[in-house]
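FYI, it's all coordinate maths here, none of it is from the lab. As the structure is a computational prediction, the values presented were derived from the model and not from experiment. Counting neighbours? That spans all protein chains shown, and the Cβs are built from the backbone with ideal geometry, glycine included.
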Amino acid sequence: MRAHLQQHRLLIALFILIALMGLAGCALPVQPVGQATGGASADASQNVEPIYIGVSGPLTGPNARYGEQWIKGFDLALEEINGAGGVHGRPLAYIFEDSQSDPKQSVVVAQKFVADPRIIVELGDFASPASMAASPIYQRGGLVQFGFTNSHPDFTKGGGEYTWSNSVTQAQAAPALAEYTVVDLGLDRLAVFYLNTDWGKSTFDLYARRAEELGATIVAAEAYLPEEKDFRSALTRARDANPNGLVLISYQADGALIAQQIKQAGLDVPIVGAGSLQSPDFLKLGGDAVEGVYIQGQFLPTDPRPHVKNVVDRYVAKYNETPDFFAIHAYDTMKLIAQAIELGGPTREGVLKGLYQLKDVPSVIYEKANFDPETRRVVNPQFVNLQVVNGEFVLWDGVKPEKK
Amino acid sequence: MESFLRTFSDQTINGLVIGNIYAFIAVGLALIFGVGNLINFAHGSVFMVGAYVGWICMTWWNLPLAVAFVVVALVCALVGMAIERFALYPLRGAPPIAPLLATIGVSFMIDQAVQLLFSRNPHAFPNPLIEHRFQVGGVTVSAIDLLIAGVGVATALTLYAFLRFTRWGWALRATAQDREAALQMGVNVNAVNRMTFAIAAALGGIAGLLVGMYFNTVYPTMSFQATFKGFAAVVLGGLGNVPGAVLGGLLLGLIESYGVAIFGATYRNLFAFVILIAVLVWRPNGLFSLRPRVAQEPLTGTFIAKGRPVPTPKWLIATLIGVAFVLPILVPNPYLLQILTNAWLLGMVALSVTLVTGTAGQTSLGQAGFMAIGAYASALLVLRLGWPFELSMIAAAFISAILGTLLVFPAFRLRAAYIAIATLAIGEIVNQVILNWEGLTQGAMGIAGLPPPSLLGWQMIRPHEIYYFSLALLCLAALVQWRLVRSPLGRTWRSLREDEIAAQAFGVNLNRYKTLAFGVAAWIAGLSGAVTGHMYTYISHETFTNTTSILALTMVILGGMGNLLGAIVGAVTLTALPEVFRGLADYRYLVYGLTLLLVIRFRPQGLLGTD
């Protein structure tokens, strides 16, 4: 009897497993996410097969929020591209596969994209372990992997000529931040907090080198883990080193936390932050505590120049919020890829050819982006010096903070 | 000197405040462990729900703080009772490891549901208290510090009074001491169970609210770290020991705070977990247990032998292997092959877990640490010393076996849930050492440019090549392990699992056999890690995290403890499920959690049964 019951339950368990898998399987014929936003042009060219772009990134898991920003940027760009008739007369669409930014899943997604003949170029992944594990698969599959959050210095080296990125490297951003801190703001005894990730660590090393060349002293360097929430102990340590400036090589949530905890630790010095802090979330989470923070960003949403203003206005009209760096980067990337397809043709080889031909690509972040064909990265990126005033990012007014 | 004193007192306050929060989480875990003998992985999720409910109360409804506390406690108590009723109650009488998997499933569902309902972005949680700092004898404290301390002390006293002076409190303690005896004395142990979950969840929720206020943020991923730190605090204090959990939490907070003060924030976890292991070595019952407790039944072991494994005739296994080998020829789809390659590589890890956990009875949650050791060892041998991959892969497996066993060695005296948490800590220590030992491992930068796996000059870069290679390694590992568990050695391992004391009485040297079990397991996991690392070509301390360890244990529980084919079936199922559920997009991990929960509900001994 008991054996019978057990068999019975094994059957139920198997049935549940198979039923749920079957259920999901029905939903499997992937719905191209971006196609829905094709708008008027999609109606006009209903019989035309869209050109597909694969996106590998986090939609669930710890980094899911970045994927959410990407989608907003992509959709805005596609609205414009498809509104203007698409590329080569075909609408552009993307298929977003969730990888959780986990290498176990990003390699599977990579194989999926490589095997799917509709996909002619891939965007992402988010963090280095996931992105770089997938690079060899894209390289071998002859599919361009275009990473737009990949600042790891080795990213474009790993996958050979099929790996491209329009993300600035730390080698470009970190020395510029050091110049802003030391030369422009005149701070010379620095306590630096940095994320202990590949991005944070290499930014810090390059930052410290340039800052010391410029005559500043790093009096305290505090590395912290991405999941860190309690900075009071580390801030107390930094306070005892008696700095006259606090530098944050942080992401938005942790940067806001440090700014909030700094006063509680009895440390009252100007704060300088890396461009990654430039986000509405940083202002929202940080509240009063981030007032006056100096940031070196790559774009300013309130920048009156048309290449920024036009896009930001459309973004605000669509989503009713200010775009952050990740959304704008996603927008820029989609536009750039559209142009590469336009130039080289809607095939995998065409995209690669098109990327080499790109010149002065209009960009919100770079105004005009150009690539070095050797490193497959953007040359001479520009930076803007900002400050948080009355809960908004504005251009820095050029006044040095008082030294304490 | 004065500045030293100021620093010291400030760090002490920092440590006590964060420690107070750990204590809240730990008390709930300790209660649940005491009464239900269960490691509750869903506790952090309830904590996160508490933070969100508090955030809704304060920012949407503008309720006063005191009311928010009551609402949070009530809502979380209901959530706790629901978890007990729907996920755990149906599993009473099942092998004790089954509810553990149910809590993992529940935590997936809650975390994902909160992400879907309240977006993935963190929300600002404005601190309702006046930001005022008091000077108390040279020490600066803020209003929120005092609030946390006050709520902590008040709750501890209330809980103490409840356990000590009320009939329900007696019932709870009686159930914790001896469930069967309590049942015979007329205690409604099921009601006690539910009440325990309600109390634990309410405490967890209040901790969530306090953390939200303290850090001015709520975010959906706050749950895992909370569970993790809660475990550490509980073990420091002694499992199932409520006052010990409070002291453990405070102590963990202080250790972290002083550790950060001396070494820096990046050493926070390393320092805390090294201390944890040290405490386990010298005081295996926790720092604050005066007398050794009644020996707990092992978490796997004695109760495990319910039902036999599903019979698997030799021809069936031969057919399955045959199908696996001809599959790339019949279906040359690289996407499918990559999923299965991942499944074979994770299947090796699952085999290693089923060896130590299923056969030898030592629940392991540190297998990703062994993978990381294997991957780094092979990467460094190839890139720094120019070894060929064939050699470095084998060497990496041995390095993993030696280092892994040495690391776990201090935990050999531990039993049941202790060893699970100790191995979880060891996995974390491995990752922290990799992160901080920059000279050897390049720290956070990771190691890029690993050559793909190769055999005698033949580089495996096409999907079916690495597929065959990993499948062959898996079959080899399974064969060796099958021979081992069928040998006298395997019988001795099973005797450890069934009853350590009896085994010892029969002259079994426990340490020697545990060393062998962990050595073989770390060898297999290290080999899998080495191949995985070369397949990825880039590894960092984030490549093999403790979520992989938990995944490996989940595979084994799902497939059936100690069942070799079960481990592989579990690996294939859990690697394929997220892919099959891809079409569900955002709901993917919600359904994944639900699947785990339902499968274990109807098949608590695992799909293929325990062996």
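Quick check on chain B: what are the equivalent-ellipsoid semi-axes from the Cα gyration tensor, as sqrt(5λ), descending, whole Å? Can you show the working numbers first?
Values: eigenvalues 319, 159, 118 Å².
Working through the eigenvalues yields semi-axes of 40, 28, 24 Å.
Across peptide A:98-110, how many C-beta atoms of other chains are within 10 Å of each residue C-beta, on average? Let's see the in-between values first.
Values: counts 8, 0, 4, 1, 6, 11, 14, 6, 1, 8, 13, 4, 3.
Mean number of neighbouring Cβ atoms from other chains: 6.
The label point for A:V48 and the one for B:L456, both projected 7 Å from the Cα toward the Cβ, are 5.5 nm apart. Projected onto planes of every orientation and averaged, the convex hull of the alpha-carbon atoms in the protein assembly as shown covers 40.5 nm².
Normalising the average separation of contacting C-alpha pairs (under 8 angstrom, six or more residues apart) by the number of residues puts the relative contact order of chain B at 21 percent. Look at the alpha carbon pairs under 8 Å that are at least 6 residues apart: their mean separation over the length of chain A gives a relative contact order of 15 percent.
Return the calculated 222 nm mean residue ellipticity for the protein assembly as shown, to the nearest 500 deg cm²/dmol, obtained by summing -39500 (n - 2.57) across DSSP H runs with n ≥ 4 and dividing by the residue count.
-19500 deg cm²/dmol, from helical runs alone.
Counting, for every residue in B:3-16, the Cβ atoms of other protein chains within 10 Å of its Cβ and taking the mean gives 3. Taking the C-alpha atoms only, the angle from helix B:488-498 to the longest principal axis of chain B is near 20 degrees.
In debye to the nearest 20, how big a dipole does the range B:335-602 give about its Cα centre with +1 on each Lys and Arg Cβ and -1 on each Asp and Glu Cβ?
Details: 14 positive and 10 negative charges, 124 e Å.
About 600 debye.
Farthest towards the positive end of the charge dipole of chain B, among the residues B:G443, B:G427, B:F41, is the Cα of B:F41, using unit charges on the Cβ of Lys, Arg, Asp and Glu.
Seen against the Cα atoms of chain A and their longest principal axis, helix A:252-264 is set at about 30 degrees.
For chain A, the longest principal axis of the Cα atoms and the long axis of helix A:103-115 meet at an angle of about 50 degrees.
As an equivalent ellipsoid, the range B:335-602 spans semi-axes of 28, 23, 18 angstrom, where each value is the square root of five times an eigenvalue of the C-alpha gyration tensor, largest first.
Our estimate of slack between B:A585 and B:L391, defined as 0.36 nm per intervening residue step minus the Cα-Cα distance, is 65.6 nm.
The listed peptides B:601-609, A:365-373, ordered by packing as a protection proxy, come out as B:601-609, A:365-373 (highest mean of other Cβ atoms within 10 Å first). The relative contact order of the range B:335-602 comes to 38 percent, based on Cα pairs under 8 Å that sit 6 or more residues apart.
Any idea what the dipole of the protein assembly as shown comes to, in debye rounded to 20, about its Cα centre with Lys/Arg Cβ at +1 and Asp/Glu Cβ at -1?
The dipole magnitude comes to about 3540 debye.
Label positions at A:T302 and B:R164, each projected 7 Å from the Cα along the C-beta direction, are separated by 5.9 nm. Each listed q (0.18, 0.22 Å⁻¹) maps to a log10 I(q)/I(0) for the range B:386-510 from the Debye sum over equal C-alpha point scatterers, namely -1.21, -1.32.
Can you compute the FRET efficiency between B:A154 and A:A241 using 1/(1 + (r/R0)^6), with r the Cβ-Cβ distance and R0 = 41 Å? Round to the nearest 0.05. Walk me through the numbers on the way to the answer.
Numbers: r = 38 Å, r/R0 = 0.92.
The formula returns an efficiency of 0.60 here.
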